[in-house]
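The values are calculated or read from the model by the stated rules, or taken from the named source; none is laboratory data. Here the structure is a predicted model, which is why all the values come from computation and not from measurement. Heads up, the Cβs are rebuilt from the backbone with ideal geometry, glycines too, and the neighbour counts pull from every protein chain shown.
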Amino acid sequence: MNVEFLSRLQFAFTIAFHYIYPPLSIGLGVALVIMEGFYLKTKNPVWQQMTKFWVKVFALTFALGVATGIVMEFEFGTNWATYSRFVGDVFGSALAAEGIFAFFLESGFLAILVFGWNKVSPKVHFFSTIMVSLGSMLSAVWIVVANSWMQTPAGFHIVGEGLNARAEITDFWAMVFNPSSVDRLTHTLSGAWLAGAFLIMSIAAFYIIKKRNIYFAQKSFKVGLGIAVFASLFQLFTGHQSAVGVSKNQPAKLAAIEAHYDSNAVADLYLYGWVDENQREVKFGIALPKFLTFLVHSDFKTPIRGLDSFDKKDLPPINIVFQTYHLMVAIGMALIGLSLLALFLLWRGTLFRSNWLMKTFVLAVLLPQIANQVGWYSAEIGRQPWIVYNLLRTSDALSKAVVANQVLFSLILFTLIYALLLVLFLFLLNEKIKHGPEDIESLQSEYEKQKILLAGK
């Protein structure tokens, strides 16, 4: 294994592990605002207890997100020094903005959110909850801006030559609003909202199955379901917009996503299949004829640029991009189906009596995480062989002094440490779930009162 492969593998592993936690924080943050908002409006103590319980889960995901994200900052310098030199002015600006405008905002109000229940007024505490949620989403803004610039560079010029060449910002806002940043940001945020919503519904469904904290669980599930219905449908829209943007800005990626080779032909939309890159065809596949052309051009006649129009050395690994993209889409459609089914059964009044569906939601917590991961794989691998699209190749971005054995050793070390962190996260999350919300007696009493009132009607 050479140093390029190991360095890419190491960065992919560390960022994939890190990416488990920020989407949960973003999704949970939105739920906290909703729950505490209902508490301020209704003065129902159940909403306060709900918020306090989910704050503990939020704090856990936030802590793991910070701990696992620090490593990537060092990898830019150790493994990717040429890349860091090339994009330092651009990437550094976005990361600095993320630290100043987002992370400090989020972490600054986090102490009030976690510890300030009896130390500040309810309105001040609610304001802190909003700021923490806003800060988590602003972090996503700047990280996605930086990554989107790598996909669709804008607002810069190149100074220097050879190894001394670097990108320098000429228009900060053109860099921020580069051609793909808005579409990718909205798609990323909707995926994060889904991750948080399905975590809430998973834990709530577990309580319902075990017949514990029923009233608390049902209210939590309804909040999660409301977010999930909106986010899953919104993600379908943002995914379409993002794909249209890819067709304009990264045509090789779009062609790889659907394994479309012939530039003179309209393009089909595959539901699934297996790409034989040697034979240049999709085997065992089912496709909607001409439907990719329709989604991109709103007609069935305009050809889509195919893989045959690109130099082979400029193409990404096609089958990997194809499979990860279609898995993301399949999971996305499953999340829409699950969310709408649950909403329909809630309207019918049978949702919480459907034991099989509650069991499904317990396990469905994994689906948004998998979709987020494979969506990222599709986007990043689809950009290859460029680390900065059409400007800097991945093979040219490596540090010149790092050797394969050093990267392999650090990769093994990170794997062990991250495995321990994952075990710690699951253990602490399980402990919080087993403990449940505080003041169970009052919650149960509130639930019994609610049943009596419903029976009286």
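On the given criteria, is Asp311 surrounded by fewer than 18 Cβ atoms within 10 Å (Cβ to Cβ), under 25 Å from Phe5 (Cα atoms) and in contact with a strand residue (DSSP E or B) (Cβ under 9 Å, 6 or more places away or on another chain)?
Here the answer is no, as Asp311 does not meet what is asked.
Can you tell which of Gly191, Gly196 is touching a helix residue (DSSP H, G or I) at 6+ places or on another chain (Cβ under 8 Å), more than 26 Å from Pro45 (Cβ to Cβ) and not assigned by TED's automatic domain parsing to the domain that holds Gly29?
Gly191
Can you tell which of Thr324, Thr302 is buried (at least 18 other Cβ atoms within 10 Å of the Cβ), touching a Ser or Thr at 6+ places or on another chain (Cβ under 8 Å) and either of a type outside the set (A, V, I, L, M) or under 28 Å from Ala154 (Cα atoms) (or both)?
None of the other options fit; the residue is Thr324.
When the range 139-157 is examined, which residues are found to be in contact with a Gly (Cβ under 9 Å, 6 or more places away or on another chain) and part of a loop (DSSP other than H, G, I, E, B)?
Thr152 - this is the single residue of the range 139-157 that is in contact with a Gly (Cβ under 9 Å, 6 or more places away or on another chain) and part of a loop (DSSP other than H, G, I, E, B).
Residue-wise test of (1) in a loop (DSSP other than H, G, I, E, B); (2) aliphatic (A, V, I, L, M); (3) at negative phi.
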| site | (1), (2), (3) |
| --- | --- |
| Leu105 | no, yes, yes |
| Asn118 | yes, no, yes |
| Lys123 | no, no, yes |
| Met137 | no, yes, yes |
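Is at least one residue of the range 207-217 free of Cβ contacts under 8 Å to residues at least 40 places away in the same chain, in the same structural domain as Ala59 (by TED's automatic domain parsing) and charged (D, E, K, R)?
no
So which residues in the range 377-401 are over 14 Å from Ile320 (Cα atoms) and out of contact with any Phe, Trp or Tyr (no Cβ under 9 Å at 6 or more places or on another chain), if there are any at all?
Trp386, Tyr389, Asn390, Ser395, Lys400, Ala401
Take Val282 and tell me if it is surrounded by 17 or more Cβ atoms within 10 Å (Cβ to Cβ), at pLDDT below 85 and either in a helix (DSSP H, G or I) or of a type in the set (Asp, Glu) (or both).
no
Considering only the range 87-112, state which residues are closer than 16 Å to Leu138 by Cα, touching a residue at least 12 places away in the same chain (Cβ under 8 Å) and aliphatic (A, V, I, L, M).
Matches in the range 87-112: Ala94, Leu95, Ala97, Ala102, Leu105, Leu110.
Right, Gln235: modelled with pLDDT of 90 or more and crowded, with 16+ Cβ neighbours inside 10 Å or not?
It is true that Gln235 is modelled with pLDDT of 90 or more and crowded, with 16+ Cβ neighbours inside 10 Å.
Can you tell me which residue among Ala334, Ala330, Ala364 is in the same structural domain as Ile208 (by TED's automatic domain parsing) and either buried (at least 18 other Cβ atoms within 10 Å of the Cβ) or modelled with pLDDT under 90 (or both)?
Ala364
Which of the residues that make up the range 218-247 are touching a residue at least 60 places away in the same chain (Cβ under 8 Å), more than 14 Å from Gly332 (Cα to Cα) and of a type outside the set (A, V, I, L, M, F, W, C)?
Within the range 218-247, Gln218, Lys219, Ser220, Lys222, Gly224, Gly226, Ser242, Gly245 qualify.
Assess whether Ser7 counts as being closer than 29 Å to Val423 by Cβ and outside the structural domain of Gly191 (by TED's automatic domain parsing).
Against the criterion (closer than 29 Å to Val423 by Cβ and outside the structural domain of Gly191 (by TED's automatic domain parsing)), Ser7 qualifies.
Looking only at residues in the range 5-57 that are farther than 26 Å from Glu380 by Cβ, among the hydroxyl-bearing types (Ser, Thr, Tyr) and at pLDDT 85 or above, which one is surrounded by the fewest Cβ atoms within 10 Å (Cβ to Cβ)?
Once the filter is applied, the top-ranked residue is Tyr39.
Here are some residues: Phe13, Phe5. Which one is closer than 26 Å to Arg393 by Cβ and either free of Cβ contacts under 8 Å to residues at least 40 places away in the same chain or basic (Lys, Arg) (or both)?
One residue alone meets the criteria, Phe5.
Exactly one condition in (1) of a type outside the set (D, E, K, R); (2) modelled with pLDDT of 90 or more; (3) outside any helix (DSSP H, G or I) is false for Ala401; which is it?
Result: Ala401 passes all but (2).
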